[in-house]
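These notes concern the structure reproduced below.
The values are calculated or read from the model by the stated rules, or taken from the named source; none is laboratory data. Note that the coordinates shown come from a computational prediction; the quantities given were computed from them, not determined experimentally. Heads up, the Cβs are rebuilt from the backbone with ideal geometry, glycines too, and the neighbour counts pull from every protein chain shown.
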Amino acid sequence: MKKFIQSWLINTLAVLVAVYTVPGIHFKDKSLLTPFITSLVLGILNAFIRPIIMLLALPLLIFTLGLFMLVINALLLYLVGIVLQTHFQVDGFWAAFWGSLVISIVSMVLNSFTGRGGSRFEFRRGPRPPGPDRGGNGPVIDV
């Protein structure tokens, strides 16, 4: 239950960032519950409809090397705007596209900072790699 609430809060913050940064995405009413309901509906659609769309679009996903996921995310956000049209509005596809991109980036960053996602940031300071003047074979890029 704790993981669900944490994920829901992160998605709510990501939706709020998208609403305040992307023109064409906005709440119609100023209720405090609207962002929470919007992120809940987005999460439900992502859980149940996204796998079906991904299966149907599998050839496009393979052909575009996964970039078609951006279109799928935009369509799902646009669908949330249709479902919640009295509370949440997405003006068009491009607003949904940029909004879904913002939501994805904000969610990924917040999930990695909270340890919720599959990726983590680690900052480590170690000895410098040997350079050409210290007996090494040339420049080294440490990743």
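Within segment 54-77, the presence of a residue that is under 21 Å from V106 (Cβ atoms), over 13 Å from the mean Cα position of the chain (by Cα), among the β-branched types (V, I, T) and at pLDDT 90 or above is excluded. Checking each residue in segment 44-57 for being assigned to a helix (DSSP H, G or I) and farther than 15 Å from G99 by Cβ picks out I44, A47, F48, R50, P51, I52, I53, M54, L55, L56.
Can you confirm whether segment 3-23 contains a residue that is surrounded by 11 or more Cβ atoms within 10 Å (Cβ to Cβ), at pLDDT 90 or above, farther than 25 Å from S112 by Cα and not aromatic (F, W, Y)? Checked against the condition, which is being surrounded by 11 or more Cβ atoms within 10 Å (Cβ to Cβ), at pLDDT 90 or above, farther than 25 Å from S112 by Cα and not aromatic (F, W, Y), segment 3-23 yields no hits at all. When V71 is tested against the conditions (1) more than 29 Å from G115 (Cβ to Cβ); (2) surrounded by fewer than 18 Cβ atoms within 10 Å (Cβ to Cβ), the lone failure is (2).
So, I62, is that one without any contact (Cβ under 8 Å) to a residue 24 or more places away in the chain and touching a strand residue (DSSP E or B) at 6+ places or on another chain (Cβ under 9 Å) or not? Considered against the rule, which asks whether it is without any contact (Cβ under 8 Å) to a residue 24 or more places away in the chain and touching a strand residue (DSSP E or B) at 6+ places or on another chain (Cβ under 9 Å), I62 comes out as no.
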